[in-house]
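Before any comments, here is the structure.
The values are calculated or read from the model by the stated rules, or taken from the named source; none is laboratory data. This is a predicted model, so every value here is computed, not measured. Every residue, glycine among them, receives a Cβ derived from its backbone with ideal geometry; neighbour counts consider all protein chains shown. Ligands, DNA and RNA are stripped out before the accessible areas are found, and what is left, the full protein with its side chains, is counted by its heavy atoms. Shrake-Rupley method; radii C 1.70, N 1.55, O 1.52, S 1.80 Å.
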Amino acid sequence: MNRLLESTWAYRLRELRHRWTFPRTYHRMAQVRRRYRECADRKPAAVVRREMRASQRFWGCKPLHYLRYGLYRADRPLTERQLLAYIPEFFFYSLFLPYHDDEADAVELRDKLLAERLFERAGIRQPPAVGKLVRGRLLDRDLRERTFAALLGELRERDAAKVFVKPADGQGGRGIWIFARAADGSYATAAGETLTEELLRRLAAERDYLVQPGIVQAAHMSAIHPHSVNSFRTVTENLGGRVRVVCSVLRAGRAGRQVDNTCQDGLVIPHDVETGAVVAPAFTELEESFDRHPDTGFVFTGFRIPGWDEVARFAVESAARLPRFTYLGWDIAVDAEGPLAVETNLGFGLDGFQVGVGGLREAYRIEDPSFYWRHRRPRR
């Protein structure tokens, strides 16, 4: 009983700190607060108070997500079931996910060099690695010394139109160097920086990198936005060996950008996990809404994603090959041969789903939130 009280009080203290720090450290909350202040069509104040109290009673934490998802707007009438379906960030990241998975087990997932080897051992299809930059050294995928000439030779063998040099610890597409093949066979960035041995060794002196040829995505994926590799962010659950897809969205770049990350103005396209049919307009991190792609004119409304069944099956089979983890957020691209895993993470985004899809409590099968306040992660 004393350990239970200690656990509960520790969570309560963390939640109090979260109330204070989250609005000040989470960059989107400044925009959220501004939208709330400027909203001219809110629900009656009594309704807002009642809904916020109901959410706080149910989830056990201050409902900052009520503002984050604009649930106060008059055009968002909510039944009690709909209101309580929205999962607060504190509950999700501090109680729910840590109960099922320990971040300490995710070292191999956070480091792209280690993740590449993990996927290889597990037999999970992924983009090939043609080189690795490790502590100032240029290595091949098996961590043997590699010459720059050999790296270029493999890129030419693969007829790579692009080369991605990704920081091993990078997130959100930040820090990636993207080189496109020129007419003379050399590779250069949009800013004119040429891929050379000197450049790679300079990068390798600063941090570790993974070198991969660009993915040539399937035609139906390229049609949405051809400049970026458009990928699925798909969450899987593995409970006792029973694996399923919890939720999924399709992401697409915009404005000619070569990455589809939402933090770089990418689009999120919600779709049904059973049929692959798009179920809502695409949206951005700033909650702009689009029925069609603003650059290519690709129409999202009524679109049913070709080959979604194969993507879902790939996600389930890949998750089954990593049985140590319960919840994983996969980034899955599709080329002419089918799906491949770009990466997977434990601390995947929640709001990237709930902004467009709605509350996910039932998708995650959370019946009694108080259970997670009372129990620590079980020993494995």
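Reducing segment 237-296 and segment 33-106 to their Cα centroids gives an inter-centroid distance of 21 Å. The C-alpha atoms of the chain define a longest principal axis, and helix 112-122 lies at about 90 degrees to it.
Largest first, the residues SER289, SER248, SER370 sort by 1.4 Å accessible area into SER289, SER370, SER248.
When the residues CYS61, CYS263 are ordered by accessible surface, computed with a 1.4 Å probe over the protein chains alone, the sequence from largest down reads CYS263, CYS61.
Computed about the Cα centre, the dipole magnitude for the chain is approximately 1780 debye when only Lys and Arg (+1) and Asp and Glu (-1) carry charge, each at its Cβ.
Here MET52 sits with roughly 50 square angstrom of accessible surface, probe radius 1.4 Å. Normalised by 2.2 N^0.38 Å, where N counts its residues, the alpha-carbon radius of gyration of segment 120-257 equals 1.17. A simple charge model with +1 on the Cβ of Lys and Arg, -1 on the Cβ of Asp and Glu and nothing else charged puts the dipole of segment 26-164 at about 920 debye relative to its Cα centre. Computed from the Kirkwood radius of its Cα pairs, the Stokes-Einstein diffusion coefficient for segment 229-380 at 37 °C and 0.692 mPa s stands at 202 µm²/s. Projected label points at LEU16 and ARG202, each 7 Å from Cα along the beta carbon direction, are separated by 5.1 nanometres.
3J(HN,Hα) couplings calculated from phi for segment 12-18 with the Karplus curve 6.51 cos²θ - 1.76 cosθ + 1.60 (θ = phi - 60°) are, in sequence order, 5, 5, 5, 5, 5, 5, 4 Hz; Gly and Pro show x. For segment 247-319, a crude dipole built from +1 on the beta carbon of Lys and Arg and -1 on the beta carbon of Asp and Glu, taken about the Cα centre, is about 160 debye to the nearest 20.
Phi-derived couplings, Karplus 6.51 cos²θ - 1.76 cosθ + 1.60 at θ = phi - 60°, listed residue by residue for segment 43-48: 5, x, 3, 5, 5, 4 Hz, with x used for Gly and Pro. For the chain, the fraction of 1.4 Å probe accessible surface lying on carbon and sulfur atoms is 51 percent. Between amide H atoms placed 1.01 Å from N, distances below 5 Å from PHE300 occur with ARG292, HIS293, all of them 5 or more places distant or on a separate chain.
A straight Cα-to-Cα reach below 15 Å connects LYS112 with the aspartates and glutamates GLU120, ASP140, ASP142, ASP169, ASP208, ASP331, GLU343, residues fewer than 8 places away in its own chain not being considered. Ignoring lysines fewer than eight residues from LYS62 along the same chain, the ones with Cα atoms less than 26 angstrom from its Cα are LYS43.
Identify, among VAL357, GLN126, ALA191, the residue whose Cα sits farthest towards the positive end of the charge dipole of the chain, taking +1 on the Cβ of Lys and Arg and -1 on the Cβ of Asp and Glu, with the dipole about the Cα centre. The residue sitting most towards the positive pole is VAL357.
Normalised by the number of residues in segment 264-348, the mean separation of alpha-carbon contacts (under 8 Å, six or more apart) gives a relative contact order of 19 percent.
When the Cα convex hull of the chain is projected onto planes of every orientation, the mean area is 20.7 nm².
For VAL107, the solvent-accessible surface with a 1.4 Å probe is about 80 Å², rounded to the nearest 10. Summary value for the chain: 18 percent relative contact order, contacts being C-alpha pairs under 8 angstrom separated by 6+ residues.
Once backbone amide H atoms are built at 1.01 Å from N, VAL246 has VAL235, THR236, GLU237 as its partners under 5 Å, excluding neighbours fewer than 5 places away on the same chain.
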